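Contents: one structure, followed by commentary.
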Amino acid sequence: MLELYQYELSDLWLQDLDARGEYGYPLGRYWSRDDCHPFIVTVNGQLAGFALVDAALRVGSSGHWMDQFFVLKKYRRAGVGRAGPVGVRGAARPMGGWPNARQPRRASFWRKVIGEYTGGRFVEHELDPGSWLASVQCFSSSTGIASS
C-alpha cells in the first residue's frame, strides 16, 4: 500500500523510481523504535489503509506526528478515512498531543476530522520547511483540547 500512496503523491514529492521500479520508503524505524508506530486500517477484514505515527517529529515540545496516512480509493468517501485517524488516536491516547501535517490539498480533510474529534479545539500552524508547505493541527488526543 505504501507504493500506491507514494504514487499518489509523486507529483508533490517529485520522487523517481529506483532500479526495481519502486519508490522505496524507510520503514525500519516503525518496528525498531518505541516512539514510532505503524497502524493498519481494515474494513471487514480487508486491508484498506495505513497510518505511520512518529513521536520523534513534532511541533512544540511534545506530541506525535501523523507521518503518513493512506486509505485505498475504494474505501474513500465512505467514512473510512475519518474512522482511521480516530482509531489511531484512540490507540495513541496515552501519548499526549497529536500534530498532523498534510499538503494543502489535504488540509481541509484534516481540519474537518480533527475539528469533529476535538469540538474545534485545535491550534493550526503553517510550516514551510523549504520543499513543501504544510498545515499542522495541534491538539491533545487525551482531552481533545488545543495545544501549541
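Take the conditions modelled with pLDDT under 70 and surrounded by fewer than 16 Cβ atoms within 10 Å (Cβ to Cβ) and apply them to ALA101. Does it pass?
On the way: modelled with pLDDT under 70: yes; surrounded by fewer than 16 Cβ atoms within 10 Å (Cβ to Cβ): no.
In short, no.
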Boolean, ALA91 is in contact with an Asp or Glu (Cβ under 9 Å, 6 or more places away or on another chain), surrounded by 13 or more Cβ atoms within 10 Å (Cβ to Cβ), modelled with pLDDT under 75 and under 23 Å from CYS138 (Cα atoms): no
Restricting segment 107-128 to residues that are basic (Lys, Arg) and under 16 Å from the mean Cα position of the chain (by Cα), the residue that is surrounded by the most Cβ atoms within 10 Å (Cβ to Cβ): ARG111
Scan of segment 1-58 for residues that are among the charged types (D, E, K, R) and within 18 Å of PHE70 (Cα to Cα), ordered by number: GLU3, GLU8, ASP11, GLU22, ASP54
All positions within segment 1-23 that are modelled with pLDDT of 85 or more and assigned to a loop (DSSP other than H, G, I, E, B): MET1, ASP16, LEU17, ASP18, ALA19, ARG20, GLY21, GLU22, TYR23
Residue check, GLY84 modelled with pLDDT under 85 and crowded, with 19+ Cβ neighbours inside 10 Å: yes
SER61 out of contact with any helix residue (DSSP H, G or I) (no Cβ under 6 Å at 6 or more places or on another chain), surrounded by fewer than 18 Cβ atoms within 10 Å (Cβ to Cβ) and modelled with pLDDT of 75 or more: no
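Being out of contact with any strand residue (DSSP E or B) (no Cβ under 6 Å at 6 or more places or on another chain) and either surrounded by 13 or more Cβ atoms within 10 Å (Cβ to Cβ) or modelled with pLDDT under 85 (or both) is the filter; apply it to segment 35-57 and report the residue that is farthest from CYS138 (Cα to Cα).
VAL43
The values are calculated or read from the model by the stated rules, or taken from the named source; none is laboratory data. Keep in mind the model is a prediction, meaning the values are calculated, not measured. Don't worry about glycine lacking a Cβ; one is built from the backbone with ideal geometry, like all the others, and counts go over all protein chains shown.
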